[in-house]
Amino acid sequence: MIEVAALRKRFVQGRGRKARTVDAVAGVDWLARDGAITGLLGPNGAGKTTTLRIVAGLIEPDAGAARVDGIEVARDPRAALARTGVLSDARGLYPRLSARENIVYYGRLHGMSADAAAARAEALAAMLDMAPLLDRRTEGFSQGERMKTALARALVHDPPNLILDEPTNGLDVLATRALRDALRRLRDEQGKCIVFSTHIMQEVERLCDEVVVVAHGRTVACGSVQALNARAGQADFEESFVALAFGDRAGERGQGAAQHGGRP
Amino acid sequence: MTRGTPSAVPRRGAHGALRQTWTVLGKELLDALRDRRTLVMVLLSSVAIGPLVLVLISALISGIEQRAEARELMLAGVGHAPTLVNHLQRQTYAVREAPADWEQQLQHSKLADPVVVIPPDFEARLARGEAPEVEVVGSSANQRASSGMRRVVALLEGYNREQAMLRLAVRGVSPAALQAMQVHERDLASPAARAAQIAGMVPFFVLMAVLYGALNAALDTTAGERERGSLEPLLANPASRAAVVWGKWGAVASVAMLIAILSCLSFLPGQWLLKSETLAALFQFGWREAAGFLAVLLPLAGALAALLMAVAIRSKTFKEAQANATVVVLAVSMTPLITLLSQEGEQAWHLWVPALAQVALMRRVLQGQAIGGFDIALTLATCAVLTVLGLAYVARQLRAAAWR
């Protein structure tokens, strides 16, 4: 279970006079249950990646908290990370290592023995249908092969929670289908808590049990696809999303300005 | 629905951190060794170039020696001075007429010996007791010819002395009256110290080898990792930042140290290739010297690894890191110049500056001097401080570097 409460993060860009602050995350709340796939849906720059990086312990929030199975990430990042698998936007494989070596390396970093990590790599390769890839160097892998390897690497320590940042970026139809299938199986067979961010409606419609709509660093709405459609009064989810994320944009802006003005 | 529990519980404490450090070190080392093309280039350029230069110097010196042994002299106007030619031949020198365009040949370094120009009225003026003028022509831009100038001038002085003595003897004066004192040359520098002059460039090559050995690995584990986007997932592991940084440093330092060892040892067979016997006798680089070199170089390899990592971690791409690392490369390659340019020779403070201290101590090793335990401890300490500072900076920057 991953819980994000009243999360805020502000970045300072530039230096000296040119410096300006950007509220990347300005009050995001959501809860991702076990045995469910939760989608963070929002336009580019909505604060999805920053939120997921805070959950992965890469960024410390200015206010609010992210909790993984009740462990506050900022307080005990290593305990939280031991219970989380992270597939970041940049797949970041080591091109001179084979897929197997990439996976085993992360297993070792998670404190697994060499044998256990190797066995796990085999099991994951079977599950993700990538056994022939294992002993090839990742240099020259296709996007789909990269994604599978990175996913196996994120799952090597069998974490109960899995977060994925824009996992379908750059994938073709078959690779996207394979990923969807794998995520469903992880949910149904192993009861994992899966969170992924995306800006693609179809992904969310096909996969998510729960959708969190994020815009301008804030949680705008959450619920199942049907519930969100009902709330927006639209039959088409894309229409619902536009209405929820951008519909009251003027109001949002006014609110934001009031908030900024209120601060010292 | 069953809920998976993590099969791996990260071990806390010193033991777990140490194991993670080894894991990172092992992976980075494997990664660096798989980068065959870079590795081969580094090995070729850093390990082979030192002995190669040594062989080139030896070829040059043996050429000079051969010409000295040949005892030949070029005269422009041999026929004008039979007495001088007679004297030179008695000194067992072969006298040859210079080619017609000797001036041009000297300027273009085609002539390897200076030329003595004899005026047509040489014998006549000599007979009248007027001192005829003889020119010794070389070119300071022509290194081979200018090195022979001193020898030729000394030879002509010998003729002067002989003539003077003969004239005095005719007048019944003892030749001893001409010599108020006797002058003998004695060189205080031991053979090893003389060799160190020639071999003075060896520390430079070894230093460069260590630097370039560390450069690629240091950049690859920091800026390269950022460029590939693999730093972010790496830090989403429960490994401590200290373990990651120490592991990476360990791998980079190992590669740099390996290059240091190989380049030091390459001088051992390198000196068998020395053509000149004098140089071979003077440049003594045995196991003892190699061990002395390594004692001062290995700590430096560690410090340079940390320094380069600290410079590179701020760079988003490998290319940017290469540009930034140029500052370090330049600073390290300039240090041997400080000892060369400073008029006062080696200063006490030199030993406090990494790279400069190593060059100074390596020179001492080549001169056959023992290096003291204090000096070793001092360079070790400065390198250790530099290493810790560099790695602390890398650790501090690491998390921000992962996503910026």
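The numbers here are math on the coordinates, done by the rules we state, and not lab data. Not measured: the values here are computed from a predicted model. Methodologically, a virtual Cβ is constructed for each residue, glycine included, from the backbone with ideal geometry; neighbour enumeration extends over all protein chains shown.
State the percent of C-alpha pairs, over all pairs in segment A:91-158, separated by a distance greater than 13 angstrom. Each step should come with its number before you reach the end.
Details: 1222 of 2278 pairs.
Across segment A:91-158, Cα pairs with separations above 13 Å total 54 percent.
Can you tell me what percent of all Cα-Cα pairs in segment A:5-129 are more than 21 Å apart? Provide the component values of the computation, followed by the final result.
Numbers: 4099 of 7750 pairs.
The calculated P(r) of segment A:5-129 puts 53 percent of pairs beyond 21 Å.
Say R0 is 41 Å: what FRET efficiency, to the nearest 0.05, do B:L166 and B:A59 get from their beta-carbon distance?
Working: r = 43 Å, r/R0 = 1.04.
Step by step, r from the Cβ atoms, then E = 0.45.
Which ordering of A:K9, B:K319 is given by a fewest-first count of other beta-carbon atoms within 10 Å? Don't jump to the answer; show the numbers that get you there.
On the way: A:K9 22, B:K319 12.
Result, fewest neighbours first: B:K319, A:K9.
Report, in listed order, any pair from A:K48/A:K192; A:K9/B:K316; B:K248/B:K319; A:K18/B:K248; A:K9/B:K319; B:K248/B:K316 with a Cα-Cα distance greater than 29 Å.
Values: A:K48/A:K192 20 Å; A:K9/B:K316 23 Å; B:K248/B:K319 20 Å; A:K18/B:K248 36 Å; A:K9/B:K319 31 Å; B:K248/B:K316 17 Å.
Cα-Cα > 29 Å for A:K18/B:K248; A:K9/B:K319; rest within.
What percent do you get for the relative contact order of chain A when only Cα pairs under 8 Å and 6+ apart count?
25 percent.
Within a 10 angstrom radius of each residue's Cβ in A:87-98, how many Cβ atoms of other chains show up on average? Whole number is fine. Please report the intermediate quantities before stating the final value.
On the way: counts 2, 10, 4, 10, 5, 12, 4, 10, 6, 8, 4, 0.
Partner-chain Cβ atoms within 10 Å, mean over residues of A:87-98: 6.
Take the alpha-carbon centre of segment B:71-94, take the same for segment A:23-85, and report the distance between them in whole Å.
95 Å
Convert each backbone phi in segment A:37-47 into a coupling constant with the Karplus relation 6.51 cos²θ - 1.76 cosθ + 1.60 (shift: θ = phi - 60°), then list the ³J(HN,Hα) values in order as whole Hz, x for Gly and Pro.
Calculated HN-Hα couplings, in order: 9, 10, x, 9, 10, x, x, 4, x, 7, x Hz.
Rank these for me by crowding, B:T379, A:T51, going from fewest to most other beta carbons within 10 Å.
Final ranking by Cβ density, sparse to dense: B:T379, A:T51.
Is there a simple number for the mean count of other chain Cβ atoms within 10 Å of the Cβ of residues in A:45-53, and what is it? Intermediate values should be presented prior to the final figure.
Working: counts 0, 0, 0, 0, 1, 1, 0, 1, 5.
Mean shielding count: 1.
Taking N as the number of residues in segment B:71-186, what value does Rg over Cα atoms divided by 2.2 N^0.38 Å take?
Details: Rg = 15.8 Å, N = 116, 2.2 N^0.38 = 13.4 Å.
Taking N as the residue count of segment B:71-186, the ratio is 1.18.
Nearest 20 debye, what's the magnitude of the dipole of segment B:71-186 about its Cα centre given +1 on Lys and Arg Cβ and -1 on Asp and Glu Cβ?
460 debye
Of A:E166, A:E122, how do they rank once you tally other Cβ atoms within 10 Å and put the fewest first? Provide the component values of the computation, followed by the final result.
Values: A:E166 20, A:E122 13.
Placing the least packed residue first, the sequence is A:E122, A:E166.
Whole-Hz ³J(HN,Hα) for each residue in segment A:165-171, computed from phi via Karplus 6.51 cos²θ - 1.76 cosθ + 1.60 with θ = phi - 60°, x for glycine and proline: what do you get?
Each residue of segment A:165-171 in turn: 9, 6, x, 8, 4, x, 8 Hz.
With only alpha-carbon pairs counted, each pair once and no self-pairs, how large is the Kirkwood hydrodynamic radius of chain B in angstroms?
Numbers: mean 1/r = 0.0385 Å⁻¹.
Hydrodynamic radius (Kirkwood, Cα pairs) of chain B is 25.9 Å.
Which whole-angstrom value gives the distance between the alpha carbon centres of segment A:115-164 and segment B:233-272?
With segment A:115-164 and segment B:233-272 each reduced to a Cα centre, they are spaced 29 Å.
Return the ratio Rg/(2.2 N^0.38 Å) for chain A, where Rg is computed over Cα atoms only.
Numbers: Rg = 19.2 Å, N = 264, 2.2 N^0.38 = 18.3 Å.
Its radius of gyration relative to the 2.2 N^0.38 Å reference: 1.05.
Ratio to report: Rg/Rh of the protein assembly as shown, with Cα atoms as the point set and Rh obtained by the Kirkwood method; give two decimals. Can you show the working numbers first?
Working: Rg = 38.2 Å, Rh = 30.9 Å.
When Rh is taken as the Kirkwood radius, the ratio is 1.23.
Taking every DSSP beta bridge with both residues inside chain B, roughly what % is antiparallel (nearest 5)?
On the way: 3 of 10 bridges.
Roughly 30 percent of the DSSP beta bridges within chain B come out antiparallel.
With a point put 7 Å past each Cα toward its Cβ, work out how far B:M201 is from A:D188 in nm, to one decimal.
7.4 nm
Per residue of B:236-246, count partner chain C-beta atoms within 10 Å of its C-beta, then hand back the mean as an integer.
Numbers: counts 18, 16, 14, 7, 2, 0, 0, 1, 1, 0, 0.
For this peptide, the per-residue mean of nearby foreign Cβ atoms is 5.
With θ set to phi - 60° and the Karplus curve 6.51 cos²θ - 1.76 cosθ + 1.60, what are the ³J(HN,Hα) couplings of segment B:100-115 in order, to the nearest whole Hz, using x for Gly and Pro?
Whole-Hz 3J(HN,Hα) from phi for segment B:100-115: 4, 9, 4, 5, 5, 4, 5, 5, 9, 6, 8, 9, 8, 10, x, 10.
For the protein assembly as shown, give the magnitude of the charge dipole about the Cα centre (Cβ charges: +1 Lys/Arg, -1 Asp/Glu; no others), in debye to the nearest 20. Mind showing how you got there, number by number?
On the way: 73 positive and 62 negative charges, 252 e Å.
Value, rounded to 20: 1220 debye.
Would you mind working out the magnitude of the charge dipole of chain B relative to its Cα centre, with +1 at each Lys and Arg C-beta and -1 at each Asp and Glu C-beta, to the nearest 20 Debye? Before the final figure, lay out the partial values.
Numbers: 37 positive and 29 negative charges, 429 e Å.
Value, rounded to 20: 2060 debye.
Within segment A:21-50, what residues put their amide N at less than 11 Å from the label point 7 Å along the Cα-to-Cβ vector of A:F246?
A:43-44
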